[in-house]
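Below is one structure, written out as structure tokens; the observations come after it.
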Amino acid sequence: MARILLVEDEEFFRLVLSQVLENLGHSVDCATNGREAEYIFGLREFDLVISDVRMPTMDGVALLRSIKAKKSTPFILMTGFAEILETHTAAELGADGFLAKPFSQDAIKETIDACLAPPPIELLEADLDDRFHKISMSDFVSGKLIPFGIYIRLSSRRYVKIATQGEDIALDRIRAYQEKGVRYLYLEKGDFLKYIGLNLRIVKALPKFDGISKEKKLSFIRHTGEVLLEQVFKDGINREAFENAQEYVEGAVSLSLEYAGAQDLITVLNSRADQLYAHSLGVALYGVMIARHLDWNSSQTLYKVSLGGLFHDIGMKEIDPSIFQKPRISLTQEEVSLFESHPRRGYELLSQLAFIPEEVQLIAYQHHEDMIGQGYPLRLQKTKIFPLARVIAVADRYCLLALKNPQSPAGMDSKEAILELERHYKDTLDSECLAALKRALQ
Ligand SMILES: [Fe+2]
Ligand SMILES: [Fe+2]
């Protein structure tokens, strides 16, 4: 049992909440604003303060500042959904927990328990980013029961739970976040893996669903590819991630064979996805289209091309992302060599894993080699470049033009992109692969 000071200006909410806290076995003193709370806090000892943010006279953040200046009493801040992002200051001031309104009784209990029995110091110091995976907010459908707890990220040390398992997440909440510029929601690692599993089952069944529009199917493929790559880029490729990728590729390949519409694919990939992920997915899907138009029809080959496309830039994983945001021309010599180390890094990463086919490893290694022997890292001569890597090189160059990226902020349509390839890259790209891409885009 704890002695709790509850600070809330809305009477109804204050009464309900104090009842809930008492039912949980705590004793409760109430205040209606920060000033009053400050006074009561000076009169007796409290184990915990739970306070609203917006209140007349003195708000919750000012109260937090005042209390933390005197004592280390745990402090939980209750925020409206739209205010959550303004709680950075509160996090810096040392707030110990956050409750996003409206919250359930379980959420209160969980938050209070966590504050009263703080985790060991190591955990507080730990980088929470390792425990969460992001998913794109725009893929969240409202009105559905959520099978997982959902968080938003305030900093690497502070994640706030905004929906508990089994709750509905309402559209207006989502909108409020989006208006604040939030692009991602977060799931805990274990839940994230379940989420991937769920999506993969849908991906596999997608080709059989007749009632779903092509755009919806493609956008589901994009979303699932994105979450898969999030796992791979964050945790590295392990057996499970690889098996997931295999399953995904099967579904994605059969679907992309069904729909060759390049412009639709570009539109879907360009909609709100993480650029590096959208790029990898695009290279996988266009790689398969090129291979098909080279009349490579064996499912084994298509599968390797697709996996190679997904993982071709995996070597970027440990390179500072700011490097990709800068135009190539403004990179220092050192940054250029770091950037150009990604094929070798990717190869080393993939070749340590016995379950990754050798062809996929070679694709990562050679996708920046070119037909005039000027590519990197090995400056291989044309005949030495592995055929599947040539396919991916063309898909890669095409996606760099057609999909949004720092070099091509708007992205080009397929005709423009092809013209640009012919104008500037004709000599360096494999002519048969380029011709196959043109056929695929007709
Ligand atoms: Fe690359
Ligand atoms: Fe690439």
Query raised in the report: Do we have any residue at all in the stretch 180-192 that's in contact (Cβ under 8 Å) with a residue 60 or more places away in the chain, surrounded by 14 or more Cβ atoms within 10 Å (Cβ to Cβ), more than 30 Å from Leu307 (Cα to Cα) and outside the structural domain of His279 (by TED's automatic domain parsing)?
Result: yes
Query raised in the report: When the residues of the stretch 47-63 are filtered to those that are aliphatic (A, V, I, L, M) and not in a loop (DSSP other than H, G, I, E, B), which remaining residue is surrounded by the fewest Cβ atoms within 10 Å (Cβ to Cβ)?
Result: Ala62
Query - Members of the stretch 391-422 that are more than 10 Å from ligand 2 (Cβ to nearest atom) and buried (at least 24 other Cβ atoms within 10 Å of the Cβ) - result: Val391, Val394, Tyr398, Ala402
Report task. Kindly indicate whether Ile169 is of a type in the set (A, V, I, L, M, F, W, C) and either in contact with a Ser or Thr (Cβ under 7 Å, 6 or more places away or on another chain) or at pLDDT 85 or above (or both). Result -> yes
Query raised in the report: Has the stretch 3-21 got at least one residue that is open to solvent by 20 Å² or more (accessible area, probe 1.4 Å), outside any loop (DSSP other than H, G, I, E, B) and closer than 20 Å to Ala176 by Cβ?
Result: yes
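Listed here are the residues, each with its yes/no results for (1) over 17 Å from Glu247 (Cβ atoms); (2) in the same structural domain as Pro343 (by TED's automatic domain parsing); (3) within 14 Å of ligand 1 (Cβ to nearest atom); (4) in contact with a Ser or Thr (Cβ under 7 Å, 6 or more places away or on another chain).
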| site | (1), (2), (3), (4) |
| --- | --- |
| Ser280 | no, yes, yes, no |
| His293 | yes, yes, no, no |
| Ser298 | yes, yes, no, no |
| Leu302 | no, yes, no, no |
| Leu310 | no, yes, yes, yes |
Report task. Please indicate, with yes or no, whether at least one residue in the stretch 24-46 is open to solvent by 20 Å² or more (accessible area, probe 1.4 Å) and under 27 Å from Glu179 (Cα atoms). Result -> no
Query raised in the report: Quick one: would you say Gly197 is at pLDDT 85 or above and touching a Phe, Trp or Tyr at 6+ places or on another chain (Cβ under 7 Å)?
Result: no
**Report entry** Top-ranked residue of the stretch 285-303 - restricted to ones that are more than 30 Å from the chain's Cα centre (by Cα) and touching a residue at least 60 places away in the same chain (Cβ under 8 Å), ranked as nearest to Glu250 (Cα to Cα)
**Finding:** Arg292
Query raised in the report: How many residues are part of a helix (DSSP H, G or I), of a type in the set (Val, Ile, Thr) and away from ligand 2 (no atom under 13 Å from the Cβ) if we restrict to the stretch 279-333?
Result: 6
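The values are calculated or read from the model by the stated rules, or taken from the named source; none is laboratory data. From a predicted model like this one, the values you see are computed outputs, not experimental measurements. Here Cβ is always computed from backbone atoms with ideal geometry, including for glycine, and neighbour counts include all displayed protein chains. Accessible surface areas use protein heavy atoms only, side chains included; no ligands, DNA or RNA. Shrake-Rupley method; radii C 1.70, N 1.55, O 1.52, S 1.80 Å.
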